[in-house]
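Okay, so here's the structure we're looking at.
Each value in this text was obtained by applying a stated rule to the coordinates, not by laboratory testing. What you are looking at is a predicted structure, and each value in this text was computed from that prediction instead of being measured. Don't worry about glycine lacking a Cβ; one is built from the backbone with ideal geometry, like all the others, and counts go over all protein chains shown.
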Amino acid sequence: MQAKIAKYTGYFSLDFLKSIKKIYYACIINLGFYGYLCREIFKHNTMKILVCISNVPDTTSKINFTEGDTKFDTNGVQFVINPNDEFGLTRAMWFKEKQGAAVHVATVGDASVEPTMRKALAIGADEAIRINTVPTDGFFVARQLAEVVKNGGYDLVIAGRESIDYNGGMVPGIMASLLGMNFVNTCIGLEVEGNKATALREIDGGKEKLEANLPLVIGGQKGLVEESDLRIPNMRGIMMARKKALNVVEPIDAPSQTNDQKFEKPAAKGPVKLVDADNVGELVNLLHNEAKAI
Amino acid sequence: MSTEIATKEILRGGQFIVKETDCEDVFTPEDFSEEQQMMRESVKEFNDREIVAHRNRFESKDYGYTEECMRKAGELGFLSVAVPEEYEGLGMGFVSTMLVCEYISSGSGSFSTAFGAHTGIGTMPITLYGTEEQKKKYVPKLASGEWFGAYCLTEPGAGSDANSGKTTATLSEDGTHYKINGQKMWISNAGFCKLFIVFARIGDDKNITGFIVENDPENGITLGEEEHKLGIRASSTRQVFFNDTKVPVENMLSERGNGFKIAMNALNVGRIKLAAACLDSQRRVTNYAINYANERQQFKTPIVQFGAIKSKLAEMATNCYAGVSACYRAAKNIEDRIAIRIADGNSHQEAELKGVEEYAVECSILKVAVSEDIQNCSDEGIQIFGGMGFSEETPMESAWRDARIARIYEGTNEINRMLAVGMLVKKAMKGHVDLLGPATAVGEELMGIPSFDTPDFSVLFAEEKDLIARLKKVFLMVAGSAAQKFGAELEQHQQLLTAASDILIEIYMAESTILRTEKNAKRFGEEAQATQIAMAKLYLYNAVELINQKGREGIISFAAGDEQKMMLMGLKRFTKYANYPNVVALRTQIADKIAADNGYTFD
């Protein structure tokens, strides 16, 4: 055997060749380990984003109430992803595509909200979570979502700054408070590098640039992305949405803090009065005495 | 998409005229799956964002924008819906492909034509007749929108008589390729396509042959200037000239002389898809008209409150509802038939081909009915808009111009009317539909004592369904007697065939409308379907009037003396209501509902 090896190896001694072999095996083992380690580090470093979705009536819906004006009449109403949430979802998709984030979506609602969740999956979210209860007030919803955030270990939570149905606007703030996470509301721009987020916030008459560490809750709106950036689910995405997980979790016990007593629609517009352009006196008279605007 | 095959026997093509259909056996838009609803929303969003919002670009003949939108449609997967998965398509069922076609088509006739020409007659001849190599080579590119397709059948001297084309294909001496020479015209997508499906004659063959020809200007292919058209202005429509264009022999589609068959079968699919393409246009035009009628005030009153306007709006909505009902009924029949054939061991290709061919009668019926409905709808839409409707500023003007082509392409409505009856008679001769038995029974009934049985009128649609059954007798009486009288000569009597066809069309549309509504009334309640019930009744009333007129016209054209008297008596009996509906009240009910909703909200 030795002679054979010597024959084939020429100038190299057997010991030298044996040591090379050991180094080779050590490298293989180490590479495997480092590969595993790298994967684990990468997995850990992959930003985990939760986008909170509200299932709201389409903006063109006819608004009516039932049960003595205490409940919204959903008859014939088409539901969509809350527009402020959709800006957040699109921004999350950019993070996923450019920085390798994992995007989950969550909502509080009964089975009727699932088409809206599936649309989010068709747009590209990886997984959906439905908290199986009918949403009541902002505090209740925030408690439910906070539980999902806590259990899911999310780095970034994006919710719309308000939903366009009841215009609550409380959920992201309460959620951040319950979780002890940083919070930026009315967010119109967001970048994340490592553990640090740079957020642009709309303030009266201008913009504010903030830096915050993750984990972070964002109350997002238009500006995170523009309307033209919103995605139309493509056909393949729609077909794939069927195969993605839509996990249903049971709600935690969390009492509502408010109850809807009554809804009222704005009074119907009265007839328009046209005032002759030369008759400024009559205009002032109407504005002062009738409209009581001046 | 998996197709649930009904365990019950599915009605064969054309059989509706002799058989009664249970409402539970028809598919309706209310049966769309959640996935199909999501597809619909996606397509609507694309249409609103990319097509409707840029209507002016289409009207100003921005062909580049049409191409750009086609590319975007490709990115979203809309071009690959009907393409089998093995060729990088989505392999969805026939209903889903109809759905995409319907909702993508309403923003602009220009885009609708480009989409239809590419996905239908530009792609389907290869998926339906191509060899494995041809499909692998070309279909993925067409499905993704990397390449666009066009269909070269029509020539200056060969329109409706498509098999009379003069374009030739000559085999080279070494037998490796054909040289194509000829002129094709009205070629949609010619300006930006990469692939032509070309029909040419080899030698003195009786029938033309299909070829796949890549668009290469270096290979003797030149294009004429863009045609300036009444409508679909941004659909690229040019002449294509082939001058010694070399086509490898392996690019022959199917077999030599099979071109006419390919052309006709591609058109069957094209016809039902064209009908679908006209549906959302009707819905959109109706919506514009309702919105305007609610806003526009004359005599200090919104014009929607005037009976003259209500009547128009109600008819527009009703015809739209009928078109949708009939199209999806037929689409599901086709989908099920394809699934049955696949289950029976047919290849997907063959199953699809035969599945659609089976319902060729219905495809022609739908093409005629819906293309005429969109024309009437946009015409009345202009009328409701008044002077504004005549202006380019409003969408009515372009809708009206765009609608006009639908009565011409995919076989003119005149050809399709005659085809519908002609194909039905052929089916009867092949034994696929038993027309003779029921026609003989009608003949006997004419000579017998009329039945005094009356249905239980308290049951929803009892009277209407009884009437539908009698209207079918009108068709059997007119077409059966005419066929008996003229035999093979029948096809020479085009006016008579056209009248019979109108009867056939109205029966299919009215029955589909009633079946859909009956099914929905059973599951959602009659109260929830009150307006739809009114629309089904109104449609039937109009159908009965027309059938009366066409039946009379037909009978008088070929029958005389006692025979004529007997048939006219039969016609009267078969088209008689026991309780006439108050159509003014029906129209008012429908118009009031859509005015209150400020839109057409029925599907």
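Between the helical axis of B:530-558 and the longest alpha-carbon principal axis of chain B there is an angle of about 80 degrees. Considering only B:513, B:583, B:43, the residue lying farthest towards the positive end of the dipole of chain B is B:583, judged by Cα position with unit charges set on Cβ. Taking other Cβ atoms within 10 Å as a rough exposure proxy, A:65, B:385, B:524, B:211 sort from fewest to most as B:524, A:65, B:385, B:211. The per residue volume of the convex hull around the alpha-carbon atoms of region A:154-196 is 75 Å³.
The relative contact order of region B:260-415 comes to 34 percent, based on Cα pairs under 8 Å that sit 6 or more residues apart. Computed with the Debye formula from one identical point scatterer per Cα of the protein assembly as shown, without solvent, the log10 of I(q)/I(0) at q = 0.06, 0.07 Å⁻¹ comes to -0.52, -0.69. Along its three principal directions, the equivalent ellipsoid of chain B from the Cα gyration tensor extends over semi-axes of 39, 30, 22 Å, largest first.
Give me Rg/Rg_expected for region A:80-142, where Rg uses Cα atoms only and Rg_expected = 2.2 N^0.38 Å with N residues.
Numbers: Rg = 12.2 Å, N = 63, 2.2 N^0.38 = 10.6 Å.
With N residues counted in region A:80-142, Rg over 2.2 N^0.38 Å equals 1.15.
Give the Debye-formula value of log10 I(q)/I(0) at each listed q (0.18, 0.24 Å⁻¹), with one equal scatterer per alpha carbon of region B:150-253, two decimals each. At q = 0.18, 0.24 Å⁻¹ the computed log10 ratios are -0.80, -1.34. Of the residues B:83, B:188, B:139, the one whose Cα sits farthest towards the positive end of the charge dipole of region B:48-196 is B:188 (charges of +1 on Lys and Arg Cβ, -1 on Asp and Glu Cβ, taken about the Cα centre).
Determine, for each peptide in B:386-396, B:406-416, B:44-54, the mean count of other beta carbons within 10 angstrom over its residues, then list the peptides with the highest first. Intermediate results must be reported in sequence, preceding the final value.
Values: B:386-396: 15.4, B:406-416: 20.6, B:44-54: 18.4.
Put in order of decreasing packing, that is B:406-416, B:44-54, B:386-396.
Pairs of alpha-carbon atoms within less than 8 angstrom and 6+ residues apart define the contacts here; what relative contact order does chain B have, in percent? Result for chain B is 16 percent.
Nearest 10 degrees, 0 to 90: what angle lies between the long axis of helix B:395-404 and the longest principal axis of chain B (Cα atoms)? Taking the Cα atoms of chain B, the angle to B:395-404 is about 80 degrees. Legend: P(r) of region B:260-415 from all alpha carbon pair distances, 10 Å bins from 0, whole percents, reading 11, 34, 26, 16, 9, 3, 0.
Averaging over every viewing direction, what projected area does the convex hull of the Cα atoms of region B:462-603 cover, in nm²? If you can, show how the numbers build up before the last one.
Working: hull surface 38.4 nm².
Result: a mean projected hull area of 9.6 nm².
When region B:260-415 is described by a simple charge dipole with +1 on each Lys and Arg Cβ and -1 on each Asp and Glu Cβ, the residue from B:309, B:321, B:378 located farthest towards its positive end is B:309.
A Cβ-based charge dipole, computed about the Cα centre of chain B with Lys and Arg at +1 and Asp and Glu at -1, lands at about 1140 debye. The charge dipole of region B:452-603, taken about its Cα centre with unit charges on the Cβ of Lys, Arg, Asp and Glu (plus for the first two, minus for the last two), comes to roughly 160 debye. Counting neighbouring Cβ atoms within 10 Å and putting the fewest first, the residues B:471, B:223 line up as B:223, B:471.
Taking the radius of gyration and the Kirkwood hydrodynamic radius from Cα positions alone, what is the Rg/Rh ratio for region B:509-562, to two decimal places?
Answer for region B:509-562: 1.26.
Averaged over the residues of peptide B:42-51, the number of Cβ atoms from other protein chains lying within 10 Å of each residue's Cβ is 3. Each part reduced to its alpha carbon centroid, region B:171-205 and region B:109-150 end up 16 Å apart.
The count of lysine pairs in region B:150-253 with alpha-carbon distances below 28 Å, taking only pairs 8 or more places apart or on different chains, stands at 16. Here B:309, B:290 are placed in order of increasing Cβ neighbour count within 10 Å, fewest first, which gives B:309, B:290.
Within the straight-line cut-off of under 16 Å between alpha carbons, the lysines reachable from residue A:265 are A:62, A:71, sequence neighbours fewer than 8 places apart in one chain being disregarded.
Straight-line cross-link partners of residue B:367 among the lysines, defined as a Cα under 17 Å from its Cα and at least 8 positions apart when in the same chain: B:273, B:332.
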